[in-house]
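*Asks:* Got a structure for you, questions after.
The values are calculated or read from the model by the stated rules, or taken from the named source; none is laboratory data. On a predicted model such as this, the values are computed, not experimentally measured, just so you know. Cβ placement follows ideal geometry from the backbone for every residue including glycine, while neighbour counts extend to all protein chains displayed.
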Amino acid sequence: MSLPPGFLDELRNRTSMAQVAGRKVLWDNRKSQQGKGDMWGPCPFHHEKTASFHVDDRKGYYYCFGCHAKGDAISFVRETENVSFMEAVEILAQEAGMEVPKQDPRAQEKQDRRSLLADVMEQAVQFFRLQLQRGVAEEARKYLAKRGLKQGALERFEIGYAPAGWENLREGLKAKGVPMELMLAAGLVKKSDKGREPYDVFRDRIMFPIRDGRGKCIAFGGRAMDPNDNAKYLNSPETELFDKSRNLYNLRPAREASGKGAPLVVAEGYMDVIALSEAGFGASVAPLGTAVTEQQLQLMWRLSDEPIIALDGDKAGLRAAYRVIDLALPLLEAGKGLRFAVMPEGKDPDDLLRAEGPEAVKAVLDAAMPMVQLLWRQETEDKVFDSPERKAALDKQLRARISMIQDPSLRHHYGEDIKELRFQLFRGQRGGKAQSGGPRQEWKRRDWRAPPPPSSAVKASLLVSGGDEAEFQLREAVVLAAILCAPEVALEFEPQLELMPCRDPQSALIRDTILRCIGNEAVMRDRVAEAIGSEALESLLKARHLSVVPCIRRPGDAELSRLTVAEELAKMEAHRGWHTELSEAREDLEDRADEALTWRLAQAAQARAQAGRINDEDDTEFDVGPNGAHMDKEERSAFDSLLSQIRFDKSRR
C-alpha cells in the first residue's frame, strides 16, 4: 500500500536508530559517544568481533565499514527480523505510538476481521494451556514428561491440552462472548452433518499453537492421546488466517536465531523442533503436517541460504528427502542450496537427543551432505551398473534431473560433481579390468630425429608457457567460436557444453549465453556480443589461434563447424582421460608396478595421440634429409634403389 506523504519522515523522526539497533548490537563504550549519538559496535549482519558497525543517531542512519550494509531504522528491522517493508513500518509505528494509515475500506475490514480471528485464537491458546493443568490432563502431562519436556519448555511453546468431549472449547469461548461464526471461521469448531450444534475440532489431544512470523497464533496442531485414533497428528483446517503451505512451525524464534548465525534445521514434527530448540538448536522449524512446499522452501531460504533438512533414519525419511530434491531442483539459485543430515537408522532428532545428547546431533548436522550427493544416492542406491546399457541409463536419468536446474552455471557445477561421483563409482570396475591383464601392445618405433630448439617466440607463446591449462583454454575457445559461426549446431552439443569447465571467465560467460539461447539460435551471436561486448567478440574471432580454423574462415558452414566442435571435444576428453589414467597409475605405483600398469599407460597415451591426428594420418616412418626435411622412409629407400640402378647402368656404358 502507499503511505501518505510525510508519514515515513515522521516515523523516522520519532524513532531512535541507536535504540532500534541496540537490541541486536552490543555497543563498544570505549569507541562510542552516546551523548552525540555516535555509536559503534560489532556488525549484526556479518557477525564480526571488531566494532566496525556505526550508527549516527542524529541522522538516523547506520553503516558497516566491513560488509558495507547501510540504511535507516526501517531497513534495519527488515534485515534483522526478516520481515517485509510494511511489517517493519508497523513494528516501528507501534513502538513509536503512531497509527499506520488505513487502507481502503474493504482491506481495512478484512484486516479488522483477521484481528478478531487472531484474538479468538489467543483465547483458545489460553483455554488449552489452562486445561493442561487440570486433572483431566494427567495422562497428557505424563506423556510430555516421558518425552523430556520440562515446565519451562511447556511455557515457552505454550503447549496445552484439548479435553475429550465434543463441546469443551465451544462452551468455554461462548462463555466469553465469542460468536459461533468466529469459532467456525477460526477452524476451532466444525459444523455437524446431523443438524446439531458445531462441535470441537480437537478432542483428547496435546495442543501446539502455530504462530506466524509476527507471533500471532494462526492455527493449532494436536497430537492424539488415544493410540487408536486414526490421525496421530491433526492440524487446523485452512482458514482466513492459516495456509499450511506458506507457514512453518516455530518460524519467529527460528528466524531470530538464524539471524544470529545459528544453522536453520528443518525437522519433521513439533516434538522434534521443541527438543532441538531446548537442546540449543534454536533455528529449528517443521512443515505443518505435509511435504515441504515451494512456498515453504522459499521461506526457508529467506531465513538461511543453506537450510539443513534433518531426516529420520528410515526409508520414509529418505523418501521425504527425495521429494524435497524434486521440488528444489528447478528453484535452485547460486548461493541458495540445501544440505541433508541423516539420523542414525530408526531414530529421529528427538530420539537421538534423548539417547546420546546434543553433541551427537551436532555431529550429524555438521556432517550434513550437499544435495548433489543425495541426488546421486537416489539414482544409484541398490542398483548394479555392470553393463553399458545400465550405465547409459544412469547417465540419461542424471542428465534429465540436472537439466531441471535453471541457472546454467549452477547446472554446470552439478554436472561436474556428478561426473566426479560417476568416475569414483566406475573406477574400480575399470581398474579391475586393467589389472586382470590384457593384450600387450607392441609399439612401432619411429625414427624421429630430435627437433631443433624452440625459438624465443615459441617459448613466449601461451601454449608453451601455460602448458595443459592453456591448451584446454585454446580448445574451448575453438569450440565456442565454431558454434558462434554456425549456431544451429549448438543443440547437438548441449550436454558436452554444460560439462565443459571453461577455465577462462570470458569463455564461461560465452558458454552460458550459448546455452541460454539454444532454441532461439537466431539471436545467439547478438546475445554473446551483449554479454562480453562487441569488441571482445570481434577480437576473439580474429585471434591468431582461431584465424587458421577453417569453419571460422567460412562462417555459416554448419557441417564444417559440427566436425570442428566434435573433434575438439574429443581431443579434450582424450586429454582428460590421459591425465585420469596417469593419476591412477601414480597411485598404483605406490603399491606395485607391473606390465598391466605399463599397458594401461600405453593405451591412454595412444588414445590421446590418436585423438589429435587427422583421419587420413597413417603410421608412416620418416627419415630426415640433409636439408632437414622429413621424408617417407619407404619412399626414400625406393628412391635410393632407383639411384643405384641408374649409377650401375652408367658404369656399364
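*Asks:* Note down all Cβ pairs under 8 Å where the first residue falls in the range 227-248 and is without any contact (Cβ under 8 Å) to a residue 12 or more places away in the chain, the second is small (Gly, Ala, Ser), and they're at least six residues apart or on different chains.
*Replies:* Between residues of the range 227-248 that are without any contact (Cβ under 8 Å) to a residue 12 or more places away in the chain and residues that are small (Gly, Ala, Ser), the close pairs are Ala231/Ala224; Lys232/Ala224.
*Asks:* Would it be correct to say that Gly317 is under 26 Å from Glu158 (Cβ atoms) and not in a strand (DSSP E or B)?
*Replies:* Against the criterion (under 26 Å from Glu158 (Cβ atoms) and not in a strand (DSSP E or B)), Gly317 does not qualify.
*Asks:* Which one of Arg58, Arg14 is at pLDDT below 85 and touching a Gly at 6+ places or on another chain (Cβ under 6 Å)?
*Replies:* Arg58
*Asks:* While we're on this one: Return yes when Arg78 is surrounded by 14 or more Cβ atoms within 10 Å (Cβ to Cβ), modelled with pLDDT of 85 or more and closer than 27 Å to Ile206 by Cβ and no when it is not.
*Replies:* The answer is no for Arg78.
*Asks:* Tell me, please, whether a residue that is touching a strand residue (DSSP E or B) at 6+ places or on another chain (Cβ under 7 Å) and at pLDDT 90 or above can be found in the range 28-36.
*Replies:* no
*Asks:* For the range 350-364, indicate whether the set of residues that are under 23 Å from Arg323 (Cα atoms) and exposed (fewer than 13 other Cβ atoms within 10 Å of the Cβ) is non-empty.
*Replies:* The answer is no, given that none of the residues of the range 350-364 is under 23 Å from Arg323 (Cα atoms) and exposed (fewer than 13 other Cβ atoms within 10 Å of the Cβ).
*Asks:* Also: Which pairs have Cβ atoms under 8 Å, sit 6 or more apart or on different chains, and link a residue in the range 372-396 that is farther than 21 Å from Leu318 by Cβ and at pLDDT 90 or above to one that is assigned to a helix (DSSP H, G or I) and of a type in the set (D, E, K, R)?
*Replies:* Partner pairs satisfying both residue conditions: Asp395/Arg422.
*Asks:* Let me ask something additional. Checking Ala124 against (1) modelled with pLDDT of 85 or more; (2) surrounded by fewer than 16 Cβ atoms within 10 Å (Cβ to Cβ); (3) of a type in the set (Gly, Ala, Ser), which single condition isn't satisfied?
*Replies:* Status for Ala124: all satisfied but (2).
*Asks:* Identify all residues within the range 370-387 that are among the hydrophobic types (A, V, I, L, M, F, W, C) and buried (at least 16 other Cβ atoms within 10 Å of the Cβ); write none if there are none.
*Replies:* Met371, Val372, Leu374, Leu375, Trp376, Phe385
*Asks:* So, one more: What about Leu132, is it touching a Gly at 6+ places or on another chain (Cβ under 7 Å) and of a type in the set (A, V, I, L, M, F, W, C)?
*Replies:* Yes.
*Asks:* Of the numbered conditions (1) farther than 18 Å from Arg12 by Cα; (2) under 33 Å from the mean Cα position of the chain (by Cα); (3) modelled with pLDDT of 85 or more; (4) not charged (D, E, K, R), His46 satisfies every one except a single condition; which is it?
*Replies:* Against the list (1) farther than 18 Å from Arg12 by Cα; (2) under 33 Å from the mean Cα position of the chain (by Cα); (3) modelled with pLDDT of 85 or more; (4) not charged (D, E, K, R), His46 comes up short only on (3).
*Asks:* Related question: With the requirement that a residue be in a strand (DSSP E or B) and either within 11 Å of the chain's Cα centre (by Cα) or more than 23 Å from Pro287 (Cβ to Cβ) (or both), what does the range 341-373 give you?
*Replies:* Matches in the range 341-373: Pro370 only.
*Asks:* A further question follows. Please count how many residues of the range 481-535 are under 27 Å from Arg401 (Cα atoms), in contact (Cβ under 8 Å) with a residue 60 or more places away in the chain and over 24 Å from the mean Cα position of the chain (by Cα).
*Replies:* Count: 5.
*Asks:* Pull out all pairs, ordered by first then second residue, where Cβ-Cβ is under 7 Å, the residues are six or more apart or on different chains, the first lies in the range 406-420 and is within 18 Å of Asp326 (Cα to Cα) and free of Cβ contacts under 8 Å to residues at least 40 places away in the same chain, and the second is in a loop (DSSP other than H, G, I, E, B) and of a type in the set (Lys, Arg).
*Replies:* Every condition considered, no pair remains.
Yes/no per residue for (1) more than 16 Å from Val565 (Cβ to Cβ); (2) in a helix (DSSP H, G or I); (3) modelled with pLDDT under 85:
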site	(1), (2), (3)
Pro454	yes, no, yes
Val464	yes, yes, yes
Ala477	no, yes, no
Ala482	no, yes, no
Pro495	no, yes, yes
Cys502	no, no, yes
Ile514	no, yes, no
Asp526	yes, yes, no
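*Asks:* Right, something else. If I filter the range 420-436 down to residues being surrounded by 15 or more Cβ atoms within 10 Å (Cβ to Cβ) and of a type outside the set (Gly, Ala, Ser), which single residue comes out as modelled with the highest pLDDT?
*Replies:* Leu421
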